[in-house]
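**Q** Got a structure here, written out as structure tokens. Questions coming.
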Amino acid sequence: MSLAIAEEVTPRRARAVPTADPVAPAAQGPAMIQVRDLRKTYTTPAEQVHALAGVDLNIRKGDIFGIVGFSGSGKSTLLRCINLLERPDSGTVTLAGQEATTLDRRRLGELRRKVGMIFQHFHLFDSRTVADNIAYPLEIAKAGRRQIAARVEQLATLVGIHDKLKAYPGQLSGGQKQRVAIARALANDPVVLLSDEATSALDPETTWSILQLLKDINQQMGLTIAFVTHELDVVRVLCNRVAVLEAGRIAEQGEVGQVFHNPRSVAGKRLVEITRGFREGSLFTDGGGI
Amino acid sequence: MNQLADMLLKGLQETVYMTFASAGIGLAIGLPLGAVLTITSKGHGLESPRVNRVLGAVVNMGRSFPSLILIILLLPLSRLVVGTTLGPTAALVPLSVEMAPFIGRITENAFKEVDKGKIEAALAMGTGPWAMVCKVLVPEAMPSLVRGTTLILISTLGLTAIAGCIGAGGLGSLAIRYGYQRFRTDIMFATVSLLIVLVSAIQLTGNQVAKRIGRRRHVYE
């Protein structure tokens, strides 16, 4: 029996410094995603990789929660464990009060319908038109034909691809594909949206527009978003809270402004430093330029 | 001359009938087989190493028999189902049983070509095993399935010639009984020519259909 630990205490030392773009107001809702002591080890012939070495996470209702880290830090594994695309070795995941880790296949399927997911490479169905892609989760949930048609219209308008309903994914640009993927992920009115590097394959302008869309959706629908990325700028624009992952552990977490302006962990410091370095056009490590 | 033409025409009809009917029955067995092989493998929603291994072993066993031996072994089954061991209809039983494991593998290969990310997206949306096959694997793999079916039809066509050795009829039987055993080079030449035309027609049609599906989806390989 995992006892829900109340709101983790985040030191208030660092004053929230205004960033270039206002972040979404920190939501104070009840816990939407609770992760307790999650562990996952991959065994390869050569070595054992501890992708997750005991992760605890509390994502509240209405949060846009960034999960950042370098490659191999376990951030994608963590996200994929939330809807159990990846089975953790131990630990629990609780989604909207329901413990996902103990569900049987059928119940898990039902729970997953309430958890939308978007990906770096979109993963739309090439065999279906835009409209049919958006309709897919509704078909799976056995919605009526008329209901599906109405919902597809509504979602297409929301994400701004109304003029492309009859097109196939093969005819769309990356940004358009991600919009369709977002509409598809929202079709069943999810309580949570998981995003696995959803903007990492997009150009800056498209990334910006997708971030605005996600923000709008968060504000209009109160949708909780867990956003995995390695792009710190994206987190700064989009998220209100962030966790830095390193070697399968959470190095630090807190309000975005706080983590950015006063990173305490080694990984956090390096990430912030490198991001700043890129912005300023030069990067110095240990006195040597790269 | 007229008699020869009649003979060839009848042979052609029998061959076409045997090929398409036994490939059809084979597909009815092999497609579900390939679907189960795929869906019980890792990461497709109904992972079951035991079922997968047992089914895989059965398929391998089915494919290990030399064709002629398997056809002979299955003759009693033909007698049971069709009532005779002679003629094209009797040949459907061994031919489709012979083809089913092969079709199962072809189908499995086509399904495994579907991008793993799409499977994951489908799983993340709560797709069950049945919907995974009908709504994701089959439509997404359709161009590969069409190309696979082309391969299956041509393999079946080759197999009808072997069945022709033991009384199935068809062009293969003509080639053996007349062309080979009675030294009728003209009949040998005619049957082989007809078979070449048949194979080419199947291949061209298959390519066209697969290409058209890809073009409609704006997916070009």
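The values are calculated or read from the model by the stated rules, or taken from the named source; none is laboratory data. All values reported here derive from a predicted model rather than from experimental measurement. Neighbour counts are summed over all protein chains in view; Cβ atoms, including those assigned to glycine, are modelled from backbone coordinates with ideal geometry.
**Q** Which count do you get for residues in the range A:236-272 that are in a helix (DSSP H, G or I), closer than 25 Å to A:R39 by Cα and among the hydrophobic types (A, V, I, L, M, F, W, C)?
**A** Adding up the residues that qualify gives 4.
**Q** Only one of B:T107, B:T89 is surrounded by 14 or more Cβ atoms within 10 Å (Cβ to Cβ), closer than 24 Å to B:T40 by Cα and hydroxyl-bearing (S, T, Y); which? It would help to see each step written out before you state the result.
**A** Values: B:T89 fails: closer than 24 Å to B:T40 by Cα.
The unique qualifying residue is B:T107.
**Q** Determine, yes or no, whether A:T92 is more than 12 Å from chain B (Cβ to nearest Cβ) and either surrounded by fewer than 20 Cβ atoms within 10 Å (Cβ to Cβ) or of a type in the set (K, R) (or both).
**A** So A:T92 fits the description; yes.
**Q** Looking at A:T101, is it farther than 24 Å from A:A201 by Cβ, more than 10 Å from chain B (Cβ to nearest Cβ) and hydroxyl-bearing (S, T, Y)?
**A** In short, yes.
**Q** Going by the structure shown, is A:T129 outside the structural domain of A:P204 (by TED's automatic domain parsing), free of Cβ contacts under 8 Å to residues at least 12 places away in the same chain, surrounded by fewer than 21 Cβ atoms within 10 Å (Cβ to Cβ) and among the β-branched types (V, I, T)?
**A** The answer is no for A:T129.
**Q** Where in the range B:90-178 are there helices (runs of 4 or more DSSP H), lying fully within it, with 1 or more residues that are over 30 Å from A:L108 (Cα atoms) and modelled with pLDDT under 95?
**A** B:142-164, B:171-174
**Q** Which one of the conditions (1) buried (at least 24 other Cβ atoms within 10 Å of the Cβ); (2) in contact with a strand residue (DSSP E or B) (Cβ under 9 Å, 6 or more places away or on another chain) does A:A183 fail to meet, given that it meets all the rest?
**A** (2)
**Q** Follow-up question, since we're still on this one. Tell me which of these B:L159 doesn't satisfy, since it passes every other one: (1) more than 9 Å from chain A (Cβ to nearest Cβ); (2) in contact with a Gly (Cβ under 8 Å, 6 or more places away or on another chain).
**A** B:L159 satisfies every listed condition except (2).
**Q** Quick one: in the range B:117-147, which of the residues that are among the basic types (K, R) and at the interface with chain A (Cβ under 9 Å from one of its Cβ atoms) is nearest to A:K142 (Cα to Cα)? Don't jump to the end; show me each part of the working.
**A** First pass over the range B:117-147, keeping only residues among the basic types (K, R): B:118, B:135, B:147.
Subsequent filtering for residues that are at the interface with chain A (Cβ under 9 Å from one of its Cβ atoms) retains B:118, B:135.
On the way: B:K118: 20, B:K135: 13 Å.
If we take residues in the range B:117-147 being among the basic types (K, R) and at the interface with chain A (Cβ under 9 Å from one of its Cβ atoms), then B:K135 is nearest to A:K142 (Cα to Cα).
**Q** Check B:T84 against each of (1) surrounded by 20 or more Cβ atoms within 10 Å (Cβ to Cβ); (2) outside any helix (DSSP H, G or I); (3) away from chain A (no Cβ under 14 Å); (4) hydroxyl-bearing (S, T, Y) and name the one condition it does not meet.
**A** Looking at each condition in turn, B:T84 falls short on (1).
**Q** Does B:V197 fit the bill of being aliphatic (A, V, I, L, M) and either away from every other protein chain (no Cβ under 14 Å) or over 19 Å from the mean Cα position of the chain (by Cα) (or both)?
**A** Yes; evaluated as a whole, the condition is true for this residue.
**Q** Only one of A:R113, A:R105, A:R179 is under 17 Å from the mean Cα position of the chain (by Cα), within 17 Å of A:N83 (Cα to Cα) and not aliphatic (A, V, I, L, M). Can you tell me which? Working first, answer last.
**A** Values: A:R105 fails: under 17 Å from the mean Cα position of the chain (by Cα); A:R179 fails: within 17 Å of A:N83 (Cα to Cα).
After ruling out the rest, the residue left standing is A:R113.
**Q** Still on this structure, I have one more. Yes or no: the range A:105-114 includes at least one residue that is within 8 Å of chain B (Cβ to nearest Cβ), closer than 22 Å to B:K116 by Cα and touching a Pro at 6+ places or on another chain (Cβ under 8 Å).
**A** yes
**Q** Considering only residues that are free of Cβ contacts under 8 Å to residues at least 24 places away in the same chain and assigned to a loop (DSSP other than H, G, I, E, B), look in the range B:42-53 and name the one that is surrounded by the fewest Cβ atoms within 10 Å (Cβ to Cβ).
**A** B:K42
**Q** Shifting gears a bit: Can you tell me how many residues in the range B:54-77 are exposed (fewer than 11 other Cβ atoms within 10 Å of the Cβ) and either in contact with a Gly (Cβ under 6 Å, 6 or more places away or on another chain) or part of a helix (DSSP H, G or I) (or both)?
**A** Number of matching residues: 4.
**Q** Here is a follow-up. Return yes or no: is A:R145 more than 10 Å from chain B (Cβ to nearest Cβ) and without any contact (Cβ under 8 Å) to a residue 24 or more places away in the chain?
**A** yes
**Q** Check the range A:158-173 and report whether any residue there is at pLDDT 95 or above, in a helix (DSSP H, G or I), charged (D, E, K, R) and within 29 Å of A:Q34 (Cα to Cα).
**A** no
**Q** Name the residue, out of B:G34, B:G11, B:G26, B:G30, that is in a helix (DSSP H, G or I), small (G, A, S) and within 18 Å of B:G179 (Cβ to Cβ).
**A** Answer to the check: B:G11.
**Q** Next up: When the range A:235-251 is examined, which residues are found to be surrounded by 22 or more Cβ atoms within 10 Å (Cβ to Cβ) and either at positive phi or within 12 Å of the chain's Cα centre (by Cα) (or both)?
**A** The answer is A:V235, A:L238, A:C239, A:R241, A:V242, A:A243, A:G248.
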